[in-house]
Amino acid sequence: MSENLKTIRELADELGVSKQAIWQKIKRDSSIDLRQFTSTKGNTVYVDVDGQKAIKAMFTNDPSTRYRQQKDDVDDNKKDAVDEQDEVKFLRNLVSEIQSEKKELHKLLDQQQRLALQDKQLLEEYKAEIKDLKALTMAPRDEGKKEVTSDKQPEPENSTPESQPKPKKWWRFGKS
């Protein structure tokens, strides 16, 4: 549709009245022939520029409509002022919430850093303990090497090489 055409709903919004009020005004005022100013597409009625002017003229001449429009303008100004105050309050609350969350996050970060430092210190202590334990377990072995002890089982004193039987070899490779 053309930009010049408006729906009854759009006209009602512009004038600050309901759709039904526009229809009632048109029905009461016999000077407007709605068919010459409108076109219909589906269930939607579009009003051309001349029809818009005629409908607006009906409502601007009506004192009750003028009073309602003035009241709406004053109410809109009050609403705007109240909306701005509410918005300022909302933003202030939002800023304070963000600041408190920021403080909490700083506390958590500080706590995390402290825990990480404690973990690092514990790890260093454990490493030092492990080194000490290794040094203690190595010390007796070093002393034992000086004494020349072997891990082999002690041989009986009364055995001689001749008294010991020689083990037989049970495999024969390449011998016939």
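The values are calculated or read from the model by the stated rules, or taken from the named source; none is laboratory data. This is a predicted model, so every value here is computed, not measured. No Cβ is skipped: glycine too gets one built from the backbone with ideal geometry, and neighbour counts run over all protein chains shown. For accessibility, only protein heavy atoms count, side chains too; no ligands or nucleic acids. Shrake-Rupley method; radii C 1.70, N 1.55, O 1.52, S 1.80 Å.
Here is how the numbers come out for the structure above:
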item	result
Pairwise FRET efficiency - residue 104 versus residue 19, Cβ, R0 = 30 Å, nearest 0.05	0.05
Protein-only accessible surface order, largest first, of 10, 104 at 1.4 Å	104, 10
The stretch 100-142 pair-distance distribution - Cα-Cα, 10 Å bins, rounded %	26, 25, 18, 16, 10, 5, 1
Potential lengthening between residue 132 and residue 116 on full extension [0.36 nm per residue; Cα-Cα distance subtracted]	3.3 nm
